[in-house]
């Protein structure tokens with residue numbers, strides 16, 4: 001029996017509009033009722049994940065910042081953390097500013113952005129459908145460097161860099177490798193998200209990478225939960241679609257990739273389910289956990 005399922009959000013549990021379908025919610029709740037723990041493993045900050053965890057009935061843990069934190073939902077506190085220090089964040093900001101490339105800084109609870117573009121625009125549109133207490137907290141900052149310098153107690157999950165020009169994006173990627181002590185997510189394909197504008201679908205496409213502290217990974221965080229709960233890795237299912245899900249798919253007892261995932265992710269998965277717009281998570285849970293109910 002599988003005792004824990006770790007599921008990515010964007011491109012996996014959420015469809016292209018940022019929604020968990022009713023069928024997917026019901027399947028996840030049945031999995032939890034059966035006694036299997038469901039843990040969200042996402043790159044998002046705390047408040048954004050917390051709202052979705054509540055929607056699906058997950059009440060124990062979730063992983064944020066691609067493995068930078070583990071949040072204990074019952075205790076309402078972080079129980080594991082690997083944050084970027086302020087000096088490292090400022091070093092990354094300097095590089096982005098010098099090269100006029102778009103970036104966002106993720107603290108434990110907030111996304112700091114200079115404008116509503118790319119992934120931040122998607123989160124902003126997602127917020128319009130949510131009640132106030134379930135919105136992703138976005139703060140628009142004019143002078144990011146000064147703002148960060150003046151922050152007293154914020155903890156930094158990651159920095160996200162986005163651009164629609166592949167040449168510019170690749171150039172910044174090479175320069176980032178000169179900064180020590182950071183983990184750079186090697187994303188090779190464009191992110192594609194949909195937002196509703198009236199009756200029209202607006203496509204948001206961009207190249208992106210995510211920068212976190214060295215040795216931050218979803219699988220490392222999952223292992224911490226396994227130790228707490230005395231669960232073996234062979235008793236774990238992981239479901240994801242992107243390079244930040246690769247290690248958790250390779251190392252779990254059963255690694256499931258979404259249809260349309262990054263090629264390297266599909267190569268290392270044990271099974272490929274339907275896409276996120278075809279309720280692939282619900283179908284995978286039905287196949288591997290709920291089939292005997």
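The values are calculated or read from the model by the stated rules, or taken from the named source; none is laboratory data. Keep in mind that what you see is a predicted model, and the values were worked out from it rather than measured. So basically every Cβ, Gly included, is an ideal-geometry build from the backbone, and we count neighbours across all protein chains shown.
Quick grid of which residues meet (1) at pLDDT 95 or above; (2) under 27 Å from residue 181 (Cα atoms):
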{"site": "80", "(1), (2)": "yes, yes"}
{"site": "123", "(1), (2)": "no, no"}
{"site": "129", "(1), (2)": "no, no"}
{"site": "143", "(1), (2)": "yes, yes"}
{"site": "151", "(1), (2)": "no, yes"}
{"site": "157", "(1), (2)": "yes, yes"}
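Tallying residues that are in a loop (DSSP other than H, G, I, E, B) and either in contact with a helix residue (DSSP H, G or I) (Cβ under 9 Å, 6 or more places away or on another chain) or closer than 23 Å to residue 239 by Cβ (or both) within segment 57-75 yields 9.
Residue by residue, here is whether (1) touching a strand residue (DSSP E or B) at 6+ places or on another chain (Cβ under 8 Å); (2) surrounded by fewer than 21 Cβ atoms within 10 Å (Cβ to Cβ) holds:
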site	(1), (2)
42	yes, no
54	no, yes
88	yes, yes
91	no, yes
109	yes, yes
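Residues in segment 99-144 that are under 17 Å from the mean Cα position of the chain (by Cα) and at positive phi: 118 alone.
Would you call residue 6 surrounded by 24 or more Cβ atoms within 10 Å (Cβ to Cβ), touching a helix residue (DSSP H, G or I) at 6+ places or on another chain (Cβ under 6 Å) and closer than 30 Å to residue 143 by Cα?
Spelling it out, it is not the case that residue 6 is surrounded by 24 or more Cβ atoms within 10 Å (Cβ to Cβ), touching a helix residue (DSSP H, G or I) at 6+ places or on another chain (Cβ under 6 Å) and closer than 30 Å to residue 143 by Cα.
Flag not set for residue 179, criterion: closer than 20 Å to residue 41 by Cβ and in contact (Cβ under 8 Å) with a residue 12 or more places away in the chain. Residues that are outside any loop (DSSP other than H, G, I, E, B) and touching a helix residue (DSSP H, G or I) at 6+ places or on another chain (Cβ under 9 Å) within segment 37-52 comprise 37, 38, 39, 40, 41, 47, 48, 50, 51, 52, listed in sequence order.
For the structure I just gave you, tell me whether residue 95 is touching a helix residue (DSSP H, G or I) at 6+ places or on another chain (Cβ under 7 Å), farther than 22 Å from residue 195 by Cβ and not assigned by TED's automatic domain parsing to the domain that holds residue 239.
Against the criterion (touching a helix residue (DSSP H, G or I) at 6+ places or on another chain (Cβ under 7 Å), farther than 22 Å from residue 195 by Cβ and not assigned by TED's automatic domain parsing to the domain that holds residue 239), residue 95 qualifies.
The condition of being more than 20 Å from residue 241 (Cβ to Cβ), touching a residue at least 12 places away in the same chain (Cβ under 8 Å) and surrounded by fewer than 13 Cβ atoms within 10 Å (Cβ to Cβ) does not hold for residue 173. Figure legend. Inter-residue proximity from segment 82-101: first residues free of Cβ contacts under 8 Å to residues at least 40 places away in the same chain, second residues part of a helix (DSSP H, G or I) and crowded, with 17+ Cβ neighbours inside 10 Å, beta-carbon distance below 8 Å, spacing 6+ or different chains. No pairs are indicated. Report whether or not residue 48 is at pLDDT below 95, crowded, with 24+ Cβ neighbours inside 10 Å and within 30 Å of residue 231 (Cα to Cα). Yes, satisfied. Here is the figure for segment 116-162: residues that are part of a helix (DSSP H, G or I) and surrounded by 17 or more Cβ atoms within 10 Å (Cβ to Cβ) total 12.
Identification of strands (runs of 3 or more DSSP E) wholly contained in segment 191-293 with 3 or more residues that are over 21 Å from the mean Cα position of the chain (by Cα) and surrounded by fewer than 17 Cβ atoms within 10 Å (Cβ to Cβ) yields 200-213. Of all residues in segment 1-36, those satisfying the criterion of being part of a loop (DSSP other than H, G, I, E, B) and farther than 28 Å from residue 127 by Cβ are 1, 2, 3, 34, 35, 36.
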